[in-house]
1. Where does region 212-324 land on the Kirkwood hydrodynamic radius, alpha-carbon pairs, in angstrom?
2. I need the peptides 106-114, 169-177, 327-335 ranked by packing, meaning the mean over residues of other C-beta atoms within 10 angstrom, with the highest value on top.
3. For region 199-241, just the Cα atoms, rotate onto the principal axes and tell me the three extents in Å, largest first.
4. Neighbouring Cβ atoms within 10 Å as the yardstick, rank LYS178, LYS225, LYS216, LYS295 fewest first.
5. Working out 0.36 nm times the residue gap between ASP234 and ASP314, then minus their Cα-Cα distance, what length gain in nm do you get to one decimal?
6. As a footprinting exposure proxy, order LEU158, LEU184, LEU142 by other Cβ within 10 Å, with the fewest listed first.
7. Send over the semi-axes of region 146-284's equivalent ellipsoid, whole angstrom and largest first, taken as the square roots of 5 times the C-alpha gyration tensor eigenvalues.
8. Take the Cα radius of gyration of region 260-337 and divide it by 2.2 N^0.38 Å, with N its residue count; two decimals is plenty.
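No lab work stands behind these numbers, since they all come straight from the coordinates. This structure is a prediction, so every number in the text was calculated from the model and none was measured. Virtual Cβ from ideal backbone geometry, glycine too; neighbours counted across all protein chains shown.
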Amino acid sequence: MGGMNRRDFGRLATLTAGAATLAACASAPDTVAAGPPAAPTHELGPVKQIDAGELSIGYVEAGPADGRPVILLHGWPYDIHSYADVSARLAEQGYRVLVPHLRGFGSTRFLSDNTFRNGQQAALAHDVIAFMDALRIPSAILGGYDWGGRTANVVAALWPQRVQGLVAVSGYIVVNLKTNLEPLAPKAEYGWWYQYYFATPRGELGYRDNTHDFNKQIWQLASPKWTFTDVAYDLSAAAFDNPDHVAIVIHNYRWRLSLAPGDPRYDADEARLETRPPIAVPTITIASDFDGAAKDGAGYRALYTGRYEHRVLDGIGHNVPQEAPEQFAQAIVDVSR
């Protein structure tokens, strides 16, 4: 899951003035009356592969080839099926929708056995730029949640010229390694128990041996009001069979706690991200029940300096695009206008 820096939300809560808005800075909560769908109602198209940077990236595509490009990024422990219904809705409206498997998921593979299995945020962001370059997409609308939301934020912060608009669940969740060294209040620490589990050899072995059941438990904890079917879960769980999955996940969380090194190639990018650079592209942030006390978005409002709107979805857990596909797709449409 995302692992938000909740202490930063509080520190930034007083810095909310100064940026223009798309509509209101914080909209009234939008309860999804029918509740989250138990399973996707649309099927994804065939998985394609393209060499991009150090990866062969597996992805699905929907909509006209000449449509306005939208790239949707999934999180952990999820996969491209989070966007089955969102991509269908956007394709019907003429968007060209691309949903890649992140490194360590699905059919995405490293081109070399010798490449460092790196899960740090800058590496995932470079994957998106390489993916766009390989498909000759100069710029696109980006949407994401959890790891995907963080990655979309990083791309928008470092390469704003490549981003036409941003839809980010949980807002500005860019990792700050220095801040992550500071302890949280006990109740907040309890929420990130899995990160400490993954920091141990026992946790790595446990995750490797029980990936399917472990991730299903995370789905239930992160979205307690979502009654998903076993079929829906198994659609995504197949992506965890990737041979690099465990290595990427373990490195991601150990890197966040400064327990594993990143790649020196990305030191300059991470140094820029440590300064919490503002994001100037048009942005809609979405909060859900998962965000708890931070769901009003006030803690990160000042970091979005372009046209901006914040939306709150009550009754929805962490996997926002799969639990609230209509609302997520509408945010993509609205930010593109």
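1. When all Cα pairs of region 212-324 are included, the Kirkwood radius is 17.0 Å.
2. 169-177, 327-335, 106-114
3. Answer, in whole Å and largest first: 32, 21, 10 Å.
4. Placing the least packed residue first, the sequence is LYS178, LYS225, LYS216, LYS295.
5. The ASP234-ASP314 span can extend by a further 26.2 nm.
6. LEU184, LEU158, LEU142
7. Working through the eigenvalues yields semi-axes of 27, 20, 16 Å.
8. Relative to the 2.2 N^0.38 Å estimate, region 260-337 comes out at 1.32.
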